[in-house]
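All remarks here apply to the structure that follows.
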Amino acid sequence: MGQAVLLTGQPRVGKTTIIKQIVAALGDTCGGFYTEEIRERGRRVGFKLVTISGREGTLAHIRLRDAPHVGKYGVNLGDLQAVGVTAIRQAIATKEVVVIDEIGKMEMLSESFRDAVREALDSDRDVVGTIMLRPHPWADAIKENPRVTVIEVYGANRDVLADQVLELLGRKPGPPDSKEGQAREK
């Protein structure tokens, strides 16, 4: 069974930036998705899912009216399942590392998403992702899984965490184009 490392921390502390650094270092050995803000006129209006292979979908948006809501955002369960859940399951089947950014309130509205996270953690694949900081029964159970290492991201540690996560996964940190940085240590 592989390693599972989940980053947690306050919103906007840099968790997704660290995930993108890890993805760049791992190259084509990883699959899954990360999230990005959707901004209009400098204001955040939603979030999109971006798969490692480049497929995109809308996770949540302030203009989604007929959808379950988390705060002011309507959650697009269709795109979450079609893009996010599909990316997780494809990564389990074909990649060494499954990337899940993020395990949060919006994503947990989908039973298919929760199932895919469990499948990733039950697989022999390494898992890297982010998880909500605040207490939540389902997220807390994931954090307490003996396979999972949870690391809280702070301003003071965020610049070294990508390399630390790569080391926890048994991979040598290195520049994104370095084959040595992508290879699993023997």
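The values are calculated or read from the model by the stated rules, or taken from the named source; none is laboratory data. As the structure is a computational prediction, the values presented were derived from the model and not from experiment. Please note: Cβ atoms are built from the backbone with ideal geometry, for glycine as well, and neighbour counts cover all protein chains shown.
Details
- Looking only at segment 1-49, residues that are in a strand (DSSP E or B), among the hydrophobic types (A, V, I, L, M, F, W, C) and under 17 Å from residue 171 (Cα atoms) come to 4 in all.
- If only residues of segment 47-75 that are basic (Lys, Arg) and within 17 Å of the chain's Cα centre (by Cα) are counted, the one that is surrounded by the fewest Cβ atoms within 10 Å (Cβ to Cβ) is 55.
- Check on residue 129, modelled with pLDDT of 95 or more, touching an Asp or Glu at 6+ places or on another chain (Cβ under 7 Å) and within 20 Å of residue 14 (Cβ to Cβ): yes
- Qualifying residue in segment 60-74 (condition: at pLDDT 95 or above, more than 25 Å from residue 141 (Cα to Cα), assigned to a strand (DSSP E or B) and out of contact with any Leu (no Cβ under 8 Å at 6 or more places or on another chain)): yes
- Unique residue being over 17 Å from residue 35 (Cβ atoms) and in contact with a strand residue (DSSP E or B) (Cβ under 6 Å, 6 or more places away or on another chain) when the list is 97, 50: 97
- Within segment 25-46, restricting attention to residues that are surrounded by fewer than 20 Cβ atoms within 10 Å (Cβ to Cβ) and of a type in the set (A, V, I, L, M, F, W, C), the residue that is farthest from residue 162 (Cα to Cα) is 45.
- Note on segment 135-169: among residues that are within 16 Å of residue 8 (Cβ to Cβ) and among the acidic types (Asp, Glu), the one that is nearest to the chain's Cα centre (by Cα) is 152.
- Elements of type helices (runs of 4 or more DSSP H) in segment 78-173, at least 1 residues being among the acidic types (Asp, Glu) and under 17 Å from residue 5 (Cα atoms): 111-122, 137-143, 161-168
- Sole exception among (1) within 22 Å of residue 127 (Cα to Cα); (2) outside any loop (DSSP other than H, G, I, E, B) for residue 53, by number: (2)
- Residue in segment 87-101 that is modelled with pLDDT under 95 and within 20 Å of residue 152 (Cα to Cα) present: no
- Hits in segment 112-142 (condition: of a type in the set (Lys, Arg) and surrounded by fewer than 18 Cβ atoms within 10 Å (Cβ to Cβ)): 114, 118, 134
- Residues satisfying the stated conditions in segment 35-66, i.e. under 24 Å from residue 99 (Cα atoms) and among the charged types (D, E, K, R): 36, 37, 39, 44, 48, 55, 56
- Test: residue in segment 168-182 that is surrounded by 15 or more Cβ atoms within 10 Å (Cβ to Cβ), of a type in the set (D, E, K, R) and modelled with pLDDT under 90: yes
- The residue pairs whose first member lies in segment 83-102 and is more than 18 Å from residue 15 (Cα to Cα), whose second member is of a type in the set (Ser, Thr, Tyr) and surrounded by fewer than 19 Cβ atoms within 10 Å (Cβ to Cβ), and whose beta carbons are closer than 6 Å, counting only pairs six or more residues apart or on different chains, are 85/112; 92/123; 96/29.
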